[in-house]
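Right, one structure below, let's go through it.
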Amino acid sequence: MRPTAWPCLLACALLGLSSGCGAEQSKRSGAREAADTELAQAIDASAARHEREREKQRTTLPPASATRAPADGSSPAGAPEAPSAPAPHSGSRELLSAADRASFSRLAAQLPGDEGVAVSTLGRGRAVARAGTLRTGVAWSTAKVPVAMAAIAAGVARSQDLTQAITASDNAAAERLWTALGAGANAAQASTAQLRGAGDTQTQVQAQRLRSGFTAFGQTQWALTDQARFAGGMACVAPGRQVLELMGQVVAGQRWGLGSTASPARFKAGWGPGVTAGAGDGWLDRQMGILTVGGKPVAVAMATTAANHETGIQNLSAIARWVASHVNAGRAPRDPRC
């Protein structure tokens with residue numbers, strides 16, 4: 001299933017007039033499908049190049065026992081770490097300029113609550129540009145992404161559970177993936193290893209259920225800059241590419257935020273009580289994913305606090321439209337830099 005024009009789908013659902021939206025939807029979906037296909041081809045091409053490079057290295061690298069990564073997902077001794085902070089951009093390649101940040105501040109002033117956004121090009125350890133006052137918060141269902149990747153890597157993921165956990169944000173399906181990984185510390189360690197593999201060197205997946213009625217992994221604290229860096233690196237690892245495919249098939253009822261723009265997107269949302277660092281309680285909505293702007297893929301992580309989920313949806317949709325019109329994707333590479 002390719003991304004669709006959400007507003008049109010909603011109109012069709014409310015009015016029951018499928019013929020009234022079909023022609024316009026067809027025009028829009030054709031352009032969106034072409035761009036989404038281009039992104040998929042770029043990811044596949046990157047994977048093929050990565051595999052060729054690994055094949056070349058097999059004749060020069062020391063034995064696997066000498067370079068095996070620790071079980072906690074950290075880098076082996078002597079291996080270079082991905083940068084934990086964004087490197088400075090040259091002016092012409094900056095994804096968000098000072099004027100863009102000022103524009104985002106004006107947008108945020110018009111929205112209830114606090115907002116934040118982080119963007120990056122695709123690849124491991126890429127520089128991240130950030131705007132807004134909200135910098136971190138509870139991951140909620142966005143944490144299902146590294147959990148799903150860990151289950152794929154471990155060979156314990158049932159196809160139906162993967163699909164339901166990512167495309168419909170089904171908690172029961174995600175819990176089954178978590179249990180298959182051993183639950184608790186074992187599952188958290190495996191999921192954290194997937195964060196490291198895709199370039200997030202900071203975040204630790206929560207192992208314990210800190211708040212009754214919510215998943216343990218969903219209560220992970222995940223900074224927007226780290227999440228954008230992770231989303232940008234997902235195309236560099238096989239489990240990430242598989243989950244990205246599912247992130248392009250999100251159900252219609254959750255196609256807000258990145259899914260509501262005219263640009264093709266692959267994304268995962270999360271929402272729940274707003275247990276955020278520095279923002280207090282309330283409601284927290286967030287999304288991560290890849291938005292294709294002018295034919296160029298850009299990793300995006302964004303979040304908002306609001307009084308309720310409905311307002312959070314409206315805020316994220318406004319932020320996504322802002323990203324689509326302001327991010328400087330012109331010089332972003334089409335292929336992930338892995």
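I'm trying to understand the selection: among the residues of segment 214-225, which are over 16 Å from the mean Cα position of the chain (by Cα) and within 16 Å of Trp283 (Cα to Cα)? Once the filter is applied, which keeps residues that are over 16 Å from the mean Cα position of the chain (by Cα) and within 16 Å of Trp283 (Cα to Cα), segment 214-225 yields Phe214, Gln219. Here Ala252, Ala303, Ala307 are screened, and the one residue that is farther than 26 Å from Ala329 by Cα and in contact with a helix residue (DSSP H, G or I) (Cβ under 8 Å, 6 or more places away or on another chain) is Ala252. Within segment 297-311, residues that are under 15 Å from Ala118 (Cβ atoms) have Cβ atoms under 7 Å from residues that are surrounded by 24 or more Cβ atoms within 10 Å (Cβ to Cβ) and basic (Lys, Arg) in these pairs: Met302/Arg286; Ala303/Arg286, counting only partners at least 6 apart in sequence or on another chain.
Taking first residues from segment 176-204 that are in contact (Cβ under 8 Å) with a residue 12 or more places away in the chain and buried (at least 22 other Cβ atoms within 10 Å of the Cβ) and partners that are of a type in the set (Val, Ile, Thr) and in a helix (DSSP H, G or I), the Cβ contacts under 6 Å between residues at least 6 apart in sequence or on separate chains come to Leu177/Val147; Trp178/Val147; Ser191/Val147. Among the residues of segment 293-326, the ones that are out of contact with any Phe, Trp or Tyr (no Cβ under 6 Å at 6 or more places or on another chain), buried (at least 23 other Cβ atoms within 10 Å of the Cβ) and outside any helix (DSSP H, G or I) come to 10 in all.
Read-outs: derived from the displayed coordinates by stated rules, not from any lab. Keep in mind the model is a prediction, meaning the values are calculated, not measured. Note that we place each Cβ from the backbone using ideal geometry, even for glycine, and neighbour counts take in every protein chain shown.
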